[in-house]
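Below is one structure, written out as structure tokens; the observations come after it.
The values are calculated or read from the model by the stated rules, or taken from the named source; none is laboratory data. Predicted, not measured: the structure shown is a model, and the values here were computed from it. Positions of Cβ are backbone-derived with ideal geometry, glycine not excepted, and every protein chain shown enters the neighbour counts. The area values use the complete protein model at the heavy-atom level, side chains included, leaving out ligands, DNA and RNA. Shrake-Rupley method; radii C 1.70, N 1.55, O 1.52, S 1.80 Å.
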Amino acid sequence: MFGAIFMKKYLAIFLVLSFLLSGCVGQGRDERPENIEKLVKEAAALVGESGEESFPTIREKGKFYTDDTYVFVWKVEGDKITRLVFPPDLTQEGTDVSNYRDDNNVSITNMFMAVANSDKGEGWAGEYLKINPKDNKMTRKVSYIKKVVHEGATYVVGAGYYIL
């Protein structure tokens, strides 16, 4: 009897350790940063290969545009920066975002361009505030940015997520 209880305890400990070491713990890890970075790099590769011909693909629902995630594209021409791709609201495409600011008057444009113009030409921009369309509340957001040059034209490709 003592042996059976002893074996059950060791078996229970073995099962718990196996569970912990199997990777089951930590499954709740936020994978959004890696997913966003991968998405932006894929979209940037398309823009780098095809320029503006890639925009319809980036706009359509599917890979680059889902419910709350979308890739955007800006075009940089000197000091003028224009939003060319903005899937959630196509009426905002073609607008000047040279002085684009969040609701705390923080320059999103300066944040994004600092990343795009860095030595690496890509990376995470700082946090900014935007209205989250899911709940209509002011929420912190971060975006991954990548600079792309295609046939002499400079683009900024990015996507972000709300920090909940």
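Remark: the range 155-164, residue by residue, has Karplus-estimated 3J(HN,Hα) of 10, 10, 10, x, 7, x, 8, 7, 8, 8 Hz, where x stands for each Gly or Pro and the curve is 6.51 cos²θ - 1.76 cosθ + 1.60 at θ = phi - 60°. Phi angles across the range 101-113 convert, under the Karplus curve 6.51 cos²θ - 1.76 cosθ + 1.60 with θ = phi - 60°, into 3J(HN,Hα) values of 10, 8, 6, 9, 6, 7, 6, 5, 4, 4, 4, 5, 5 Hz, Gly and Pro given as x. Annotation: amide H-H contacts under 5 Å for Ser98 (H modelled 1.01 Å from N, sequence separation of 5 or more, or interchain): Ile81. Bridging of Lys146 to lysines at a Cα separation below 27 Å is possible for Lys38, Lys41, Lys61, Lys63, Lys75, Lys80, Lys120, Lys130, Lys134, once same-chain residues fewer than 8 apart are set aside. Taking chymotrypsin sites (Phe, Trp or Tyr not before Pro) across the range 101-164, none is in a DSSP loop with at most 10 further Cβ atoms lying within 10 angstrom of its Cβ.
At the residue level, Glu77 shows approximately 100 square angstrom of accessible surface with a 1.4 angstrom probe and all protein chains present.
Estimated at the nearest 10 Å², the accessible area of Asp67 is 140 Å² with a 1.4 Å probe.
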